[in-house]
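A short reminder: the numbers here are calculations on the coordinates, not readings from a lab. Just so we're clear, the structure is a prediction, and the values are computed from it rather than from any experiment. Cβ sites come from the backbone with ideal geometry, for glycine too, and all protein chains shown count toward neighbours.
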Amino acid sequence: MTAETIIDVHGLTKSFGPKTVVNNLNMEIKRGEIYGFLGPNGSGKTTSIRMLCGLLKPDSGSGSCLGFDVVNESDKIKPHVGYMTQKFSLYEDLTVRENLDFTARVFGLEAPGKVVKECIERMGLGPFEKQLAGSLSGGWKQRLSLGACTLHSPRLLLLDEPTAGVDPGARRDFWDQVHTLASQGITALISTHYMDEAERCHRLAYIAYGNLLASGTLEEMIQAAKLTTWSVSAAERDGALHELSSTLKALTGVDQVVAFGNTLHVSGRDPALLREDISPFMRQPYAWSEIDTSLEEVFIDLMQQSRDGLV
């Protein structure tokens, strides 16, 4: 038996004036999946999410979300979706409990006090329930927001860069919560800029300039890029790598050169040509080693291609 399809859309397009923000978006997401949505700022991620949850009507295209038509039944989608924005959207002058009580009543939940109590316990908010939301740290605001958008037991979470500006420990805790929800059958579509977060998703998609350029599992994305990558460091750091970087970028077999700490990652699509081009530099003060291509290199490559109009 195949998993239930939660999102299945084809050709979704949205323009604002002369600018096409989302162009011919096709997407399929299964129940319980954590689907990562990546791309530069202004790429159309937020607009795509808003079309899926019924906040924006597409100009063209078709499909379903949670079994409802995204064009004609958007009002039926909204009650089953938990939507969390990058910006903290609860009331900063209310306490944690007051915010959750208010949200529970907005959703029209039965026994709101019981639901709020369970949420506070589940999210570990007990020590802060009488504290003003505006005085919480970024990580605890994020946890409160996630608790609020799951109060009504949604089937789908749409999380728009929810961990931006949050420390690594809080981001890790947030993702642990998301994986717990996914194990319970809740589907999550999450936009993010962080590669370590992308690697925790079941499947990924990359969007730039309104176009969905690549999608698949982590392994599929890396394999499809067909990049070979070498790492190079220098015993003498005084400008040696900077000079080498400029030289390598001009070579035919080199598609990208990216600084990672005290090393450069040098990638190309033709392994033989790449090796031939870098061979003259495989001497002191440089130390070279071939490494596995990571998701970081893949997305930098996609970004470069989309910017240059090659995809």
statement: Phi angles of the range 55-67, converted by Karplus (6.51 cos²θ - 1.76 cosθ + 1.60, θ = phi - 60°) into ³J(HN,Hα) in whole Hz with x for Gly and Pro, give 7, 10, 9, x, 6, 7, x, 8, x, 9, 9, 6, x
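Test of understanding: express the Cα radius of gyration of the range 14-114 as a ratio to 2.2 N^0.38 Å, with N the residue count. Each step should come with its number before you reach the end.
Details: Rg = 16.3 Å, N = 101, 2.2 N^0.38 = 12.7 Å.
The range 14-114 yields a ratio of 1.28.
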query: Over the Cα atoms of the range 87-225, how large are the radius of gyration and the largest Cα-Cα distance (Dmax), in Å?
result: 16.5, 51
task: Can you tell me the FRET efficiency between HIS193 and ALA259 if r is taken as the Cβ-Cβ distance and R0 is 22 Å, rounded to the nearest 0.05?
output: 0.75
field: Mean-position separation - Cα centroids, the range 241-304 and the range 1-66, in angstrom
entry: 35
query: Cα axis of helix 112-122 to longest principal axis of the chain: angle in degrees, 0 to 90, nearest 10?
result: 30
query: Using Cα atoms only, what is the angle between the long axis of helix 96-106 and the major principal axis of the chain, expressed in degrees (0 to 90) to the nearest 10?
result: 70
- prompt: When the Karplus curve 6.51 cos²θ - 1.76 cosθ + 1.60 is applied with θ = phi - 60°, which whole-Hz ³J(HN,Hα) does each residue of the range 152-162 get, with x for Gly and Pro?
  reply: 8, 6, x, 8, 9, 10, 10, 10, 9, 6, x
Tilt relative to the chain, helix 240-249 - C-alpha long axis, 0 to 90 degrees, to 10: 90
- prompt: If each Cα of the range 228-292 is one equal point scatterer, what is log10 of I(q)/I(0) from the Debye formula at q = 0.17, 0.18, 0.22 Å⁻¹?
  reply: -0.49, -0.55, -0.84
message: Using a Cα-Cα cut-off of under 24 Å, which lysines could be cross-linked to LYS130, ignoring same-chain neighbours fewer than 8 residues away?
response: LYS87, LYS114, LYS117, LYS141
